[in-house]
1. Let me spell it out: the conditions are (1) in contact with a helix residue (DSSP H, G or I) (Cβ under 9 Å, 6 or more places away or on another chain); (2) surrounded by fewer than 24 Cβ atoms within 10 Å (Cβ to Cβ), and residue A:211 meets all of them except one. Which number is the exception?
2. Residue by residue through the range C:190-208, note down the ones that are surrounded by fewer than 14 Cβ atoms within 10 Å (Cβ to Cβ) and without any contact (Cβ under 8 Å) to a residue 12 or more places away in the chain.
3. Looking only at the range D:132-145, decide whether some residue is touching a residue at least 24 places away in the same chain (Cβ under 8 Å), buried (at least 21 other Cβ atoms within 10 Å of the Cβ) and under 26 Å from residue D:34 (Cβ atoms).
4. If you take the residues of the range B:82-103 that are free of Cβ contacts under 8 Å to residues at least 24 places away in the same chain and within 16 Å of residue B:36 (Cα to Cα), which of them is surrounded by the fewest Cβ atoms within 10 Å (Cβ to Cβ)?
5. Return the residues of the range A:247-294 that are outside any helix (DSSP H, G or I) and within 28 Å of residue A:210 (Cβ to Cβ); say none if nothing qualifies.
6. Could you please give the count of residues in the range D:83-100 that are modelled with pLDDT under 95 and closer than 13 Å to residue D:11 by Cβ?
7. Do we have any residue at all in the range B:143-166 that's within 11 Å of chain C (Cβ to nearest Cβ) and closer than 30 Å to residue B:62 by Cβ?
C-alpha cells in the first residue's frame, strides 16, 4: 500500500515517533516534526520552529501515544518546553486528519469542537492485536530478567485469553513452558485446550494457584486478591500486563514478599522500532479505511 | 462434574450415540435406548421395546445429530423402522429436557407447542469449538489419503479463520506445512501473522491462488469460483469443510479436473469416540447451565 | 545444483521411479527407461526395447528401492517379465554409475566383480533423514485411519529417538498429542525433555505402558514383548515402523486383540511423489559427492 | 533416584553451588561447605573452618564449574582468601569422589597422582544437553535486551546445529522468529528442514548473510570473518555462544559498528537455580553410573 503525494507531521511522543519518522522517510513520504528538541532524528525530516509551520502543509498529523497524560499537555518526552494539545487543533484545517493514541472523552470533545477528523490508533483492532506481539515478548523478557529459573519447564499461568493472553500463551508454549491459561467462558476454555494449554476455569483458579512459578496477568480487575496471593509460592513472579489499576493487590503482595513486575506500555520500552512499524502500518490502514483519495 | 440420580434416554443416531452410551454408563448414569435394533450396544444400557417405555423414567432425552434430515423422521442409522420426531415429544413430560443437534425452526416450533425445554447442542459454543478438533484432524487425514505428497513442506491454504480455521491452521503448522490463511478483517490478519502463518487478505487471494498444493475451505459462500479455480494448480487438492452448499463451484472444478473432497460431518466419521466424548461433556455442561438441581 | 549433459536410465521400480522420471524430465535431463511395460509414464522419456539400449548412452543407471527382494530378480512392479539384476551389470561400462536401494552383500559383491561404481541410496544419511518425513506422516495417517479417537489430546508413545522417532515426535506434538518418547541414553532423554515431550527411560517403560492410546515403534528389536503387551490398554493401537522383524510380539498381540498396523515402506505408499523428490535430490547429491565432472 | 547415607562437600564456586546446596539439603543429604565466606547460604549446611574438616566425612566432593581459571587456584567467587585446587586433593581419601567442571589435563594429571576418582561434569552428555536449555534461553534474553525490534517476525540465523543450536532453534521458532540454521552436513541440513527451519549450507552462508537481524553463533571457529561481517546489516546483533575465542572477528565487527554480545557461561548468569538443578541431577546420574553402592 503506497499513497502518493500525502505528507505527515509528527508532533511530540517518544522513541516510537522518532523511529516512525524513519519508516515514513524510507517509504518516500515527506515529514515535518515538532517537539523533538533534545534528541537526534532522521536528517531527512524537516524540523519546524513553530507548530503552525510544522502542520501547515501536511495531510496527516500524528500525535503521541498516549496523546496526553493530563488531558491538557501533549506527551513529548524529548521537548524542553510544553505544548498544549489544543494548540495543535487551533492550527489544523478541515482537510487534515489527526491520529494519536488514547484520545479521552475530553480530547475527543475538543476535536469535535474544531471539526477535525480524528482516529484513536489504540482503538484500532489491527493495532491492538499487533501490539500484543511486542507486549508478549516484553513480558517474556521481564520474566527472564527477574527470575533465576528458566521459563522452559517452569509452571506458567496466563490470566485471561484476550489479545495479549492469546499471543503470550502461544510464545510461552513455544519456548517450552508448562502452560496453564485461565478463562471464564467455556468457549475460550475449549480453544485453550485445542491449542494444547491446560485450561483453568476461573472457579478453579484458587485451588491451582499454589503451583505456578510465573503468573502473567492480562485481566484489568482484582483477580490476584489477598486470598489467592496468600496461597501462592513465595518465589512466584507476577508480571502485570493489565492496564491500571491492574489485577493484583499490590499491598498484600508486598507484605508477602511476592515480586510484581510492572509490564505497562511494553512495546515502546522493549521494542520501539517494532512498535513504530506497527504504528506506521496502522496509520496507512486507517487512512485507507477513511477512503480518502487525494 | 457429576450429577447424582439423573438418568438418560438415547433415541436414535449413529456411532456417536452408541459410544455416548459407553461414556454415560462408565460414569455411573442409567441409560435407556430406543432406535438401535441392528447394532451392538453397551450391555449395561436398557433396550426398550417402545418409545414411551424408553423415555418414561429419564431426566434427559438425547436425540441424534442432526435430529432429522427432513424435519419429520428421526435420524436413526441403526433402526429398521421409522420414528417420527414428534412421537418423542408426545411421550415426554414437562420436567424432561430434550437435547439434540440441528433443531430447525420447524422442530423448535413443535417443541414449543409441547412445552418442552430443549437445547440444540450444535448451537453451544463449547461444543462447536471442541468439534473443530476432530474436524481439523479429519481434514488432515483426508488430505493425506488423497494426495501423493506430504503435507509437511507443501503449500497449504486455509480459507477462513473461524473456529475450524483456527484449529486446523494450528495443526497444519504443527505438522510442518508451509501455511497461508485467508481472512477478511485486519484483526484476523493480525492474529494470523502473530501465529506465524502467512496472512492473505481476501482481496489478494486471486493473485496467490496458483501456489497452493492443498486448499481447505471453511467459508460457506462461493469463494472458490470459476475465476479462481481456473488459476489453480491442476493437482491442487481441495478439502471442503464448510456446510452445504460450501464454497466451491463444483461444476467448474469437475471440468478442470480439480479434486474436491467432501469433508462434511467429519467428527462422526473419523473419530466417533472423540465426538461422543464431546457430546457427553456438552450435555453435562448444558445441563449445568440450566441450573437444574434435582 | 544442475549438472549439464548427464543422462539417466531408470530400470524397474514402482510409482516412485515413475514420478522420479517426471522430476528428471522437468529439470531438463534425458531419461531412458526399461521395465515399465504396463503403466503410463511421462511421454518425454524414451522407452527402450532392451536393457542394453536403455542403458547404453546414460551416465547414471537408477535401479529400484529395494533393488531386489531375492538378490536375483530386479524389483519391477510394472513389468510383465523378469529381469535379472546381474543383466544390468553385464551391459554397463566402467564410466557409468549404478544407484539403487538396499544393495545386499551379494549384490555388492557382484557389482565389484563387474568393476562398477555404485551407491546404495538407502545408506545415505541425507536420504534417510528426509525419508523420515513421509514415514512419520504416513504413520500419522495410518493411526488416524485405524482409530475412532483423535491423536489430538490422546496419549501417544514413540519408542526410539532415531531419525524417524525425532521427526515423528515433532509432528505428533505439533498436532496436539500428549506425547511421551522412550529412549535409552541420558543424552537422548535430555533432548526429549528439551523438546517438551515426556522422557521415558527404557527401564521405566513397563510401568507406564498401560497409559497409551497409540504406540509408534521405531526400534528393530523385541521391545513390545508379551510382558509389556499384557499390561497395555486393549484398544491401544500399535504402528510398527521398525524394519522386519520389528519390535512387537505379533502372536501375543494377536491373542490379546491388540491391533498392530504394518508401517513398512511408508514413503512409497503414502507419498510417492514426495518420495520421488527425495530420491531425485539424493541422486544429485550423491553424484556431486562423487566429484564426477564429465 | 535417592541414595541413602551419602554426604557431600561443596568447595567453592558461585551462585550455582549455593543453590545446589538448597537442592541437596531439600533432598535430605548432609552437606559441608568451604569457600563461601561472604555470602548467605542455606542454614542447614555445615560451614567448616578448614578444608580438611569440610571434606573429611563426605562421600562426594563437589568443586566449582570451572574448577579453576588458571589451573592452580580454585574458582571461589564468594571467598576472601585463596584456595589451591591441589589442597583439596591432599586431604581427600581414596574412597571419595571428586566432581567439578572443566578439569584440564593438568588438573586431571594431578588427580591421577593422588589416586582420586573424578568426574568432569561438563564432559557428561546429559549435563551438556540440559545446559543447552538455560544457554538458549539466556541467548534469547540477551537478544531481546540488546535490540529495539522483536524476535517475533525478525530474521534470525543460528550458526551450528549441535546441542545448543538444536535447542536454541527450537525456542526461536517457538517464539515466532523467521529462522534459518547453518550446518555443514547434508544430514543436519535434512533435520533442519524437517523441523521447519530454513537450511543454509555453509557454502551458501555468505550470499544470505546480509538478511539477518540476529545471528546466534555456536561454532568455535572463525565463521564470522571480515568478509562476512562486511556484508551484514549494520544493525544486525550477534550473540556469541561458542567457547573462547568464539567465531567472530571482534576487531572487524568493532570497526564496522556491529554489536557482539558475549554469551559465555549463560546458565549460571541468567538462571542459576535451573543451572544448579541440572548440576544436582548430573551429580546423582554420574554417581549412579559409577555403580558405587555404599
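1. So residue A:211 meets the others, but not (1).
2. Listed by number, the residues that qualify are C:203, C:204, C:207.
3. Applying the first criterion (touching a residue at least 24 places away in the same chain (Cβ under 8 Å)) to the range D:132-145 yields D:132-143.
Among the residues that remain, those that are also buried (at least 21 other Cβ atoms within 10 Å of the Cβ) are: D:132-143.
Restricting the remaining residues to those that are under 26 Å from residue D:34 (Cβ atoms) gives none.
The answer is no; no qualifying residue exists.
4. So the first thing to find is which residues in the range B:82-103 are free of Cβ contacts under 8 Å to residues at least 24 places away in the same chain, and the list is B:82, B:84, B:93-94.
Then drop every residue that is not within 16 Å of residue B:36 (Cα to Cα), which leaves B:82, B:84.
On the way: B:82: 11, B:84: 13.
Among residues in the range B:82-103 that are free of Cβ contacts under 8 Å to residues at least 24 places away in the same chain and within 16 Å of residue B:36 (Cα to Cα), the one surrounded by the fewest Cβ atoms within 10 Å (Cβ to Cβ) is B:82.
5. Residues of the range A:247-294 that are outside any helix (DSSP H, G or I), as a first pass: A:247-249, A:257-265, A:271, A:290-294.
Once the filter is applied, which keeps residues that are outside any helix (DSSP H, G or I) and within 28 Å of residue A:210 (Cβ to Cβ), the range A:247-294 yields A:247, A:248, A:249, A:257, A:258, A:259, A:260, A:261, A:262, A:263, A:264.
6. Counting residues in the range D:83-100 that are modelled with pLDDT under 95 and closer than 13 Å to residue D:11 by Cβ gives 1.
7. Keep residues of the range B:143-166 that are within 11 Å of chain C (Cβ to nearest Cβ), which gives B:143-154.
Keeping just the survivors that are closer than 30 Å to residue B:62 by Cβ gives none.
So far as the range B:143-166 goes, no, none of its residues is within 11 Å of chain C (Cβ to nearest Cβ) and closer than 30 Å to residue B:62 by Cβ.
For every residue, the table says whether it meets (1) touching a helix residue (DSSP H, G or I) at 6+ places or on another chain (Cβ under 9 Å); (2) farther than 30 Å from residue A:26 by Cβ; (3) surrounded by fewer than 24 Cβ atoms within 10 Å (Cβ to Cβ).
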| site | (1), (2), (3) |
| --- | --- |
| A:217 | no, yes, no |
| A:224 | yes, yes, no |
| A:238 | yes, yes, no |
| A:253 | yes, yes, yes |
| A:258 | yes, yes, yes |
| A:271 | yes, no, no |
| A:277 | yes, no, yes |
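The values are calculated or read from the model by the stated rules, or taken from the named source; none is laboratory data. Just so you know, these numbers come straight off a predicted model, no measurement behind them. Quick reminder, even Gly has a Cβ in these numbers, built from the backbone with ideal geometry, and neighbours come from all protein chains shown.
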